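Following: one structure in C-alpha coordinates, then a few remarks.
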Amino acid sequence: MNDITSLKMASTIASLGSMLGGTKTKAEDIAWKKRMLKTQQGISFPADFDSLPEDDQLKRLNDAINVGLDKDNK
(Lines give C-alpha, C1' and ligand atoms only; values in the text may rest on other atoms or scores of the structure.)
Protein backbone atom coordinates (compact mmCIF):
# COMPACT_ATOMS: atom_id res chain seq x y z
CA MET A 1 0.00 0.00 0.00
CA ASN A 2 1.44 3.39 -0.92
CA ASP A 3 1.33 6.54 1.21
CA ILE A 4 -1.61 8.08 -0.69
CA THR A 5 -3.72 4.92 -0.40
CA SER A 6 -2.85 4.67 3.28
CA LEU A 7 -3.84 8.31 3.90
CA LYS A 8 -7.13 7.81 2.04
CA MET A 9 -7.90 4.75 4.13
CA ALA A 10 -7.10 6.53 7.41
CA SER A 11 -9.17 9.54 6.32
CA THR A 12 -12.12 7.31 5.42
CA ILE A 13 -11.98 5.49 8.74
CA ALA A 14 -11.60 8.77 10.64
CA SER A 15 -14.65 10.24 8.93
CA LEU A 16 -16.74 7.12 9.52
CA GLY A 17 -16.36 7.26 13.31
CA SER A 18 -18.97 9.96 13.79
CA MET A 19 -21.19 8.73 10.95
CA LEU A 20 -21.56 5.32 12.55
CA GLY A 21 -22.22 6.72 15.99
CA GLY A 22 -18.88 5.72 17.45
CA THR A 23 -18.26 9.22 18.69
CA LYS A 24 -20.96 10.99 20.67
CA THR A 25 -19.18 14.10 21.93
CA LYS A 26 -16.86 16.60 20.29
CA ALA A 27 -14.02 15.38 22.50
CA GLU A 28 -14.61 11.77 21.39
CA ASP A 29 -14.77 12.85 17.73
CA ILE A 30 -11.50 14.77 18.07
CA ALA A 31 -9.77 11.88 19.84
CA TRP A 32 -10.93 9.37 17.21
CA LYS A 33 -9.91 11.49 14.22
CA LYS A 34 -6.58 12.40 15.78
CA ARG A 35 -5.86 8.75 16.59
CA MET A 36 -6.63 7.69 12.99
CA LEU A 37 -4.51 10.45 11.44
CA LYS A 38 -1.58 9.71 13.77
CA THR A 39 -1.30 6.28 12.14
CA GLN A 40 0.12 7.96 9.06
CA GLN A 41 3.84 8.37 8.64
CA GLY A 42 4.83 12.03 8.51
CA ILE A 43 1.72 13.36 10.23
CA SER A 44 2.31 15.05 13.54
CA PHE A 45 0.46 17.59 15.62
CA PRO A 46 1.83 20.82 17.07
CA ALA A 47 2.64 20.69 20.78
CA ASP A 48 -0.17 23.14 21.53
CA PHE A 49 -2.84 21.37 19.44
CA ASP A 50 -4.69 20.07 22.49
CA SER A 51 -4.88 23.58 23.96
CA LEU A 52 -6.85 24.90 20.97
CA PRO A 53 -10.62 25.25 21.36
CA GLU A 54 -12.44 22.05 20.38
CA ASP A 55 -14.08 23.77 17.39
CA ASP A 56 -10.64 24.74 16.02
CA GLN A 57 -9.24 21.25 16.61
CA LEU A 58 -12.19 19.67 14.85
CA LYS A 59 -11.99 22.07 11.91
CA ARG A 60 -8.29 21.32 11.43
CA LEU A 61 -8.83 17.57 11.69
CA ASN A 62 -11.74 17.69 9.24
CA ASP A 63 -9.67 19.78 6.82
CA ALA A 64 -6.86 17.21 6.97
CA ILE A 65 -9.35 14.38 6.43
CA ASN A 66 -10.87 16.20 3.46
CA VAL A 67 -7.41 16.49 1.89
CA GLY A 68 -6.97 12.75 2.37
CA LEU A 69 -10.33 12.14 0.72
CA ASP A 70 -9.56 14.52 -2.15
CA LYS A 71 -12.54 16.69 -1.26
CA ASP A 72 -12.65 20.20 -2.64
CA ASN A 73 -12.28 22.53 0.35
CA LYS A 74 -13.93 25.59 -1.16
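The values are calculated or read from the model by the stated rules, or taken from the named source; none is laboratory data. Nothing here was measured: the structure is a model prediction, and the numbers come from that model. Counting neighbours? That spans all protein chains shown, and the Cβs are built from the backbone with ideal geometry, glycine included. Each accessible area value is taken on the protein alone, full model and side chains, heavy atoms only, with ligands, DNA and RNA left out. Shrake-Rupley method; radii C 1.70, N 1.55, O 1.52, S 1.80 Å.
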**Message:** Let me confirm something: among 50, 63, which residue is at pLDDT 90 or above, part of a helix (DSSP H, G or I) and either open to solvent by 80 Å² or more (accessible area, probe 1.4 Å) or in contact with a strand residue (DSSP E or B) (Cβ under 6 Å, 6 or more places away or on another chain) (or both)?
**Reply:** 50
**Prompt:** If a residue has to be open to solvent by 90 Å² or more (accessible area, probe 1.4 Å) and small (Gly, Ala, Ser) to count, how many in the range 33-47 make the cut?
**Reply:** 2
**Request:** Look through the range 19-47, keep the residues that are among the hydroxyl-bearing types (Ser, Thr, Tyr) and over 11 Å from the mean Cα position of the chain (by Cα), and return whichever of them is modelled with the lowest pLDDT.
**Result:** 23
**Members of the range 1-32 that are of a type in the set (S, T, N, Q), part of a helix (DSSP H, G or I) and surrounded by 10 or more Cβ atoms within 10 Å (Cβ to Cβ)** = 6, 11, 12, 15, 18
